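Okay, so here's the structure we're looking at.
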Amino acid sequence: MLIDILAAAAGEAPQNQFGFMEAMEQGGPVAWTILGVLVIQSVGSFYILITKYLEQNRVLKQYRTGRPAFWRANSLAEGASKFDKNSAWRQLVDDTLAADAEHKNMADSLEAHDWLHGSLARSEASINAKLAGGLPFLATTGATAPFVGLLGTVIGIYRALINIGIAGSASIDKVAGPVGEALIMTAIGLLVAVPAVFAYNYLQSRNKKIASMLSGFSTELLANVASNGAVKPALKAAPAAKAAPAAAKPAVKA
């Protein structure tokens, strides 16, 4: 008899479900809004990481493959065709040729040199600015995502305290949902911020490498123009093709 009563009481007791969706549903529109902001930041961070990484790889590949062919050309105008039309290196060459054509109107050679140097510096700055596009979003996400998650945490703890005050006791069924929501928001905020910070630092270091290469290429262009084509960087000789091994002659029988 006693066993039947206990079983009936257990069956009538409310079964509370605890999980991510249950915690978010208890949080209401505020919790879903905070989660939506974090998801947008996360998706945007990974999108920028992938697109900028591919863009940087394209710039580096064009430099490795196009630079030797460019300097082996007879003139800068001929060498410009060795680069893709919309590449950063082609832009530097085109800006150099345009500045060289304009500086011929200057009587003072010093002014001409300054004009060429300034034109190349402006071209470098525009390329570096394009490569840096999107990085501020990564920096902002890395700096703000933990605080967005913390906002959800504060709201979840506040709701837990309200439930405790209403119920008059800190029973697990009253605080598990809000506290679970608070912990989830903290974790999601960190999961969004950490990859964004790593992506920002990684892309920034690669941009610095490209900026150094742009500066060196600009110096080479300036020296070439100032010397009327006499000064060119030393290039490594192309590896000679290996000769095919001679076929073995069949032995002649006596």
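May I ask you to say which residue of K104, K130 is at pLDDT 80 or above and of a type outside the set (A, V, I, L, M)? Walk me through it before giving the result.
Numbers: K104 fails: at pLDDT 80 or above.
It is K130.
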Checklist line | Criterion violated by T96 - all others in (1) modelled with pLDDT of 85 or more; (2) part of a helix (DSSP H, G or I); (3) of a type outside the set (A, V, I, L, M); (4) more than 32 Å from the chain's Cα centre (by Cα) satisfied | finding: (4)
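Among the residues in segment 185-199, are any in a helix (DSSP H, G or I), among the hydrophobic types (A, V, I, L, M, F, W, C) and at pLDDT below 85? Give the derivation first.
Initially, segment 185-199 is screened for residues in a helix (DSSP H, G or I), giving 185-199.
From what is left, the residues that are among the hydrophobic types (A, V, I, L, M, F, W, C) are 185, 187-188, 190-194, 196-199.
If we keep only those that are at pLDDT below 85 as well, we get 185.
Yes, segment 185-199 contains at least one residue that is in a helix (DSSP H, G or I), among the hydrophobic types (A, V, I, L, M, F, W, C) and at pLDDT below 85.
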Check: If a residue has to be touching a residue at least 40 places away in the same chain (Cβ under 8 Å) and part of a helix (DSSP H, G or I) to count, how many in segment 221-233 make the cut?
Finding: 5
Checklist line | Residues satisfying the stated conditions in segment 134-162, i.e. farther than 18 Å from G189 by Cα, touching a residue at least 60 places away in the same chain (Cβ under 8 Å) and small (G, A, S) | finding: G134
Next item on the list: Kindly provide the set of residues from segment 181-217 that are over 25 Å from the mean Cα position of the chain (by Cα) and closer than 23 Å to S126 by Cβ, ordered by number.
Entry: none
Next item on the list: With a cut-off of at least 3 residues that are modelled with pLDDT of 90 or more and over 21 Å from M213 (Cα atoms), name the helices (runs of 4 or more DSSP H) lying wholly within segment 1-90.
Entry: 20-71
Next item on the list: Check off (1) surrounded by fewer than 18 Cβ atoms within 10 Å (Cβ to Cβ); (2) more than 20 Å from S205 (Cα to Cα); (3) within 29 Å of the chain's Cα centre (by Cα) for A132 and give me the number that stays unchecked.
Entry: (2)
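The values are calculated or read from the model by the stated rules, or taken from the named source; none is laboratory data. Everything quoted here is computed from the prediction, not taken from an experiment. A quick note on method: Cβ atoms are made from the backbone with ideal geometry, for glycine too, and the neighbour counts reach across all protein chains shown.
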